[in-house]
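Novice: Right, I'll just put the structure down here and ask away after.
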Amino acid sequence: MAQAQGTKMKTNKIKSKSKIKRSVGDQIIQVIIYLGVGGFALLTLLPFVYVIAGSFATEKELTERAFFLFPKEFSLNAYNYIISSGDIFHGLKNSIFVAVAGTAINMFFTTTFAYAVSRKKFKLRNFGLNMVLITMLFSGGMIPNYLLISNLGLLNSFWALLLPGAINAFNLIIVKNFFQEIPSELEEAAKIDGCNDISIFYKIILPLSKPVLASISLFYAVSHWNDYFNAMIYITDQKKEVVQIALRRIIFMAGGIDLSGESIDYGIFGAPPEKAVKMAATVVATIPILLVYPFIQKYFTQGVMVGAVKG
């Protein structure tokens, strides 16, 4: 017992000696840094809080008050208007499908291509990598892309949103650099055990690359979720509209503008709260993708920094 207490006292002494003693000036600077970072974080958070509060406010309060964080009168009129038509649910379903399927396609082509060009023994490594990097500098343009999608018979199809841009050059470079940092001894040991390149890729490379895979998956998912222009050009069927297009039409109708250019008659109930509808649409389009962040936050910084800095 006495020996245990003596050991504990020695451990505490070692810990106390190992602590770095900071001067009063260093502590003041640290407090200032924390206050500055906290203030900056608060400034970035306030607009989101205002949008959420405004989506639950009345049109009168939004007109009279320039900025507020809590509405005086709680109202669900904006959300009731968005939900009433039912288009928002079709848009959310289509956006979730495009984000999930598109991310899966992106990750498959990006990881397989990155693994190939990260192997020094691959003879066409430089050629394949340069072909992808060219896309960062040159683009065919909107009209050639539309003609290509039309000639392939992909118009008014989800494939028009999934196949183009299957590989992002920037994301490919990050994944390639991460793969190159994995020790080649692991690959050699796996080959001795009888594994081929496909087995090495799926059983060794991918399990060791969870940080970068989570980060790049988030990049692709956010890109698909926010894709508005391609969906507006290539999709004409209202049942296949993504959530951004559905919300665009709802916002136009709330402002009394039909997409055909004609004015809308709302009848005896009057026009819906236009400003609140815009804020509610922003919340509906933002919240689903924000829910993904907590699950991959621990991988995010590690995956991007390792793949971007080392190489």
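What follows is calculated from the coordinates using simple rules that are stated; it is not laboratory data. Source: prediction; values computed, not measured. We place every Cβ from the backbone using ideal geometry, glycine too, and count neighbours over all the protein chains shown.
Novice: Output the relative contact order of the stretch 22-75, whole-number percent, from Cα pairs under 8 angstrom with separation of 6+ residues.
Specialist: 30 percent
Novice: Cα-based Rg of the stretch 155-208 per 2.2 N^0.38 Å, rounded to two decimals?
Specialist: Relative to the rule-of-thumb radius for its length, the stretch 155-208 sits at 1.59.
Novice: Bin by bin, in steps of 5 Å, what percent of the Cα pairs in the stretch 18-154 do you find, going until the bin that has the longest distance?
Specialist: Once binned at 5 Å, the Cα pair distances of the stretch 18-154 give 2, 7, 7, 7, 9, 9, 9, 10, 12, 12, 9, 5, 2, 1, 0.
Novice: Can you give the local net charge around ILE204? Use residues other than it whose beta-carbon is closer than 12 angstrom to its beta-carbon, Lys and Arg +1, Asp and Glu -1.
Specialist: Charge balance in the 12 Å sphere: -3.
Novice: Mind checking the log10 I(q)/I(0) for the stretch 22-75 at q = 0.20, 0.22, 0.29 Å⁻¹? Debye, one equal scatterer per Cα, no solvent, two decimals.
Specialist: For the stretch 22-75 at q = 0.20, 0.22, 0.29 Å⁻¹, log10 I(q)/I(0) is -0.70, -0.77, -1.02.
Novice: About the Cα centre, and with charges only on the beta carbon of Lys, Arg (+1) and Asp, Glu (-1), how big is the dipole of the stretch 157-211? Nearest 20 debye, please.
Specialist: 260 debye
Novice: Give the span of the stretch 57-100's Cα atoms along each principal axis, as three whole-Å numbers ordered largest to smallest.
Specialist: The principal-axis extents, from largest down, are 40, 21, 14 Å.
Novice: Per residue of the stretch 201-206, in order, report the coupling 6.51 cos²θ - 1.76 cosθ + 1.60 (Karplus, θ = phi - 60°) as ³J(HN,Hα) in whole Hz, putting x for Gly and Pro.
Specialist: 5, 7, 9, 10, 5, 5
Novice: Then there's this: Projected area of the stretch 108-181, taken from the Cα convex hull and averaged over every viewing direction, in nm²?
Specialist: 5.6 nm²
Novice: Would you tally the net charge around THR63, using a Cβ to Cβ cut-off of less than 15 Å, leaving THR63 out, and scoring K and R as +1, D and E as -1?
Specialist: 0
Novice: Treat the stretch 139-249 as a sphere of radius equal to its Kirkwood radius over Cα pairs and apply Stokes-Einstein at 20 °C in a medium of 1.002 mPa s; give the translational diffusion coefficient in µm²/s, rounded to a whole number.
Specialist: This corresponds to a translational diffusion coefficient of 127 µm²/s.
Novice: I would also like to ask the following. Between the alpha-carbon centers of the stretch 82-157 and the stretch 203-232, tell me the distance in whole angstrom.
Specialist: Rounded to whole Å, the Cα centres lie 11 Å apart.
Novice: Provide the FRET efficiency to the nearest 0.05 for the TYR293-LYS93 pair, computing r from the beta carbons and using R0 = 22 Å.
Specialist: 0.55
Novice: Given the Cα-Cα distance of THR286 and ALA189 and 0.36 nm per residue of separation, how much length would full extension add, in nm?
Specialist: That pair, THR286 and ALA189, stretches by 30.3 nm at full extension.
Novice: Also: What would the Debye formula give as log10 I(q)/I(0) at q = 0.13, 0.15 Å⁻¹ for the alpha-carbon point model of the stretch 80-309, no solvent?
Specialist: With one equal scatterer per Cα and no solvent, log10 I(q)/I(0) is -0.88, -1.06.
Novice: Let me ask another. Note down the net charge around LYS240, summing +1 for each Lys or Arg and -1 for each Asp or Glu among other residues with Cβ under 15 Å from its Cβ.
Specialist: So the environment of LYS240 carries a net charge of 0.
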